[in-house]
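Report on one structure; see the data block that follows.
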Amino acid sequence: MGKIVEVAAAVLLRRGGREFLLAQRPEGKVCAGFWEFPGGKLEPGETARQALVRELEEELGIHVTRAWPWITKRYTYPHADVHLKFFRITAWEGDIRPLEHAAFQWVAAGEEPGVAPLLPANGPILKGLALPDHYALTLAEERGVEAELARLERACQGTLRLIQVRDKGLPPEVRASFAQKVVDLAHAQGAKVLINDDEALARLVGADGLHCTSTTLAGLSARPDFPWVAASCHSEAELARAAELDLDFAVLGPVLPTPSHPQAEGLGWERFAALVQDSPLPVYALGGMRPDMAIPAKERGAQGVGLMRGW
Ligand SMILES: Nc1nc2c([nH]c(=O)n2[C@@H]2O[C@H](COP(=O)(O)OP(=O)(O)OP(=O)(O)O)[C@@H](O)[C@H]2O)c(=O)[nH]1
């Protein structure tokens, strides 16, 4: 293993997170001409957050006022092993200026960046930038199938963009017809649907992906072949397994006490933050969440919140 280089990298977001900034490395630097997220190496004694604030003042002439810790990626270059701590930046003071970069490009989240080449460590993280703050889990078993479909329709006409069809207790044919209707109404509004733990059903209804339970995750030897694959995790080992399998995101919980797992006490926010601190995957906080907890969750390193009752 080569030298380990700790780097803080900034995903600057505008238009409510729908666009992010890429910057082109200038002549004279390693990997000149490659596109990257602004940022740079930690200086001795600096935390990643301190390095981030300093680098953005030096490189872009801005003062960061809100930075959420996001994912951590490791990448081995010929010159070093790089540990990249990404932050999502949604507020800053000053106008962005190219003080050290050759060029800037604002890119729509979830679309091809339109500039190339990217630094090789960065490609895989672009997919995560397409993920929304809220991941809604269905509860038709409790609310009724028709009521749940009407509720989902309204939510997708609003801001809901990511749904998991759970409802594992419905009779199989009812679940299949419910799942098909969820996919149809979600796709009509540009939202994505993952099916909990049933690959055949996910294929049958044309879902965007599969959501694995922690038990299924433990038995997987490779990533299932879907555009999107997520997993439910409750521990460090499960998060590590989801990352090893190169899944797209995880949910971790229960964070707070929740009616669906009355026997579980909840990890609490502090433990949640410690567990996700070095995760290479975006992680949603699940269990006892409400929509307005997305910001406290993001302050603790989450992608956002998973919601069964609150969406
Ligand atoms: N800033 C930044 N560096 C990245 C990204 N992705 C990635 O692999 N890296 C790697 O992380 C390291 C960061 O180095 P840097 O050259 O930006 O650091 P720096 O601003 O402190 O510059 P300096 O070394 O010239 O003082 C490089 O090896 C770079 O290839 C990224 O998105 N942003």
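The values are calculated or read from the model by the stated rules, or taken from the named source; none is laboratory data. Because the structure is a prediction, the values reported are computed rather than measured. Here the Cβ positions follow ideal geometry from the backbone for every residue, glycine too, while neighbour counts run over all protein chains shown. Accessible surface areas use protein heavy atoms only, side chains included; no ligands, DNA or RNA. Shrake-Rupley method; radii C 1.70, N 1.55, O 1.52, S 1.80 Å.
When region 113-157 is filtered for residues that are away from the ligand (no atom under 16 Å from the Cβ), farther than 22 Å from H211 by Cβ and modelled with pLDDT under 95, only G114 remains. Exactly one residue among E55, E59 is within 12 Å of the ligand (Cβ to nearest atom), more than 25 Å from the chain's Cα centre (by Cα) and either of a type in the set (D, E) or open to solvent by less than 80 Å² (accessible area, probe 1.4 Å) (or both), and that residue is E59. For region 105-115, the count of residues that are surrounded by 14 or more Cβ atoms within 10 Å (Cβ to Cβ), farther than 14 Å from P38 by Cα and without any contact (Cβ under 8 Å) to a residue 60 or more places away in the chain is at least one.
I'd like the full set of residues that are among the basic types (K, R) and open to solvent by 50 Å² or more (accessible area, probe 1.4 Å), limited to region 173-209. Walk me through it before giving the result.
Residues of region 173-209 among the basic types (K, R): 175, 181, 192, 203.
Of everything in region 173-209, those that are among the basic types (K, R) and open to solvent by 50 Å² or more (accessible area, probe 1.4 Å) turn out to be K181, K192, R203.
Look at F34 and say whether it is open to solvent by less than 20 Å² (accessible area, probe 1.4 Å), aromatic (F, W, Y) and within 25 Å of the chain's Cα centre (by Cα). Spell out how you get there, then give the answer.
Values: open to solvent by less than 20 Å² (accessible area, probe 1.4 Å): no; aromatic (F, W, Y): yes; within 25 Å of the chain's Cα centre (by Cα): yes.
So F34 fails the test.
Among the residues that make up region 233-252, is at least one of them without any contact (Cβ under 8 Å) to a residue 60 or more places away in the chain, β-branched (V, I, T) and either touching a helix residue (DSSP H, G or I) at 6+ places or on another chain (Cβ under 9 Å) or closer than 19 Å to S279 by Cα (or both)? No, region 233-252 has no match at all. Taken over region 27-50, the criterion of being touching a residue at least 60 places away in the same chain (Cβ under 8 Å), within 8 Å of the ligand (Cβ to nearest atom) and over 14 Å from A10 (Cβ atoms) is satisfied by C31, F34. With respect to the conditions (1) over 25 Å from L247 (Cα atoms); (2) open to solvent by less than 60 Å² (accessible area, probe 1.4 Å); (3) touching a residue at least 12 places away in the same chain (Cβ under 8 Å), C212 falls short on a single one, namely (1). Here A285, A274 are screened, and the one residue that is open to solvent by 20 Å² or more (accessible area, probe 1.4 Å) and either in contact with a Pro (Cβ under 6 Å, 6 or more places away or on another chain) or without any contact (Cβ under 8 Å) to a residue 40 or more places away in the chain (or both) is A274.
In this structure, D246 does not qualify as at pLDDT below 95 and among the acidic types (D, E).
Name the residues in region 139-163 that are within 20 Å of A188 (Cβ to Cβ) and touching a residue at least 60 places away in the same chain (Cβ under 8 Å), would you? First the steps, then the outcome.
As a first pass, look at region 139-163 and keep what is within 20 Å of A188 (Cβ to Cβ): 140, 145-163.
If the condition is that a residue be within 20 Å of A188 (Cβ to Cβ) and touching a residue at least 60 places away in the same chain (Cβ under 8 Å), then A155, L160 are the ones that fit.
In the condition set (1) open to solvent by 20 Å² or more (accessible area, probe 1.4 Å); (2) in a helix (DSSP H, G or I); (3) not hydroxyl-bearing (S, T, Y), L256 is compliant with all but (2). Just so you know, in region 5-25 the residues that are more than 10 Å from the ligand (Cβ to nearest atom) and not charged (D, E, K, R) include one that is most open to solvent (accessible area, probe 1.4 Å), and it is G16.
If only one of P98, P78 is within 13 Å of the ligand (Cβ to nearest atom) and open to solvent by 70 Å² or more (accessible area, probe 1.4 Å), which one is it?
Numbers: P98 fails: within 13 Å of the ligand (Cβ to nearest atom).
None of the other options fit; the residue is P78.
Looking only at region 253-271, count every residue that is of a type in the set (G, A, S) and free of Cβ contacts under 8 Å to residues at least 24 places away in the same chain and tell me the total. Qualifying residue count, region 253-271: 3.
R166 - would you say it is touching a residue at least 60 places away in the same chain (Cβ under 8 Å), open to solvent by 40 Å² or more (accessible area, probe 1.4 Å), out of contact with any helix residue (DSSP H, G or I) (no Cβ under 8 Å at 6 or more places or on another chain) and closer than 30 Å to E238 by Cα? Even if it seems obvious, please write down each step before you answer.
On the way: touching a residue at least 60 places away in the same chain (Cβ under 8 Å): yes; open to solvent by 40 Å² or more (accessible area, probe 1.4 Å): yes; out of contact with any helix residue (DSSP H, G or I) (no Cβ under 8 Å at 6 or more places or on another chain): yes; closer than 30 Å to E238 by Cα: yes.
Taking the combined requirement at face value, the residue satisfies it.
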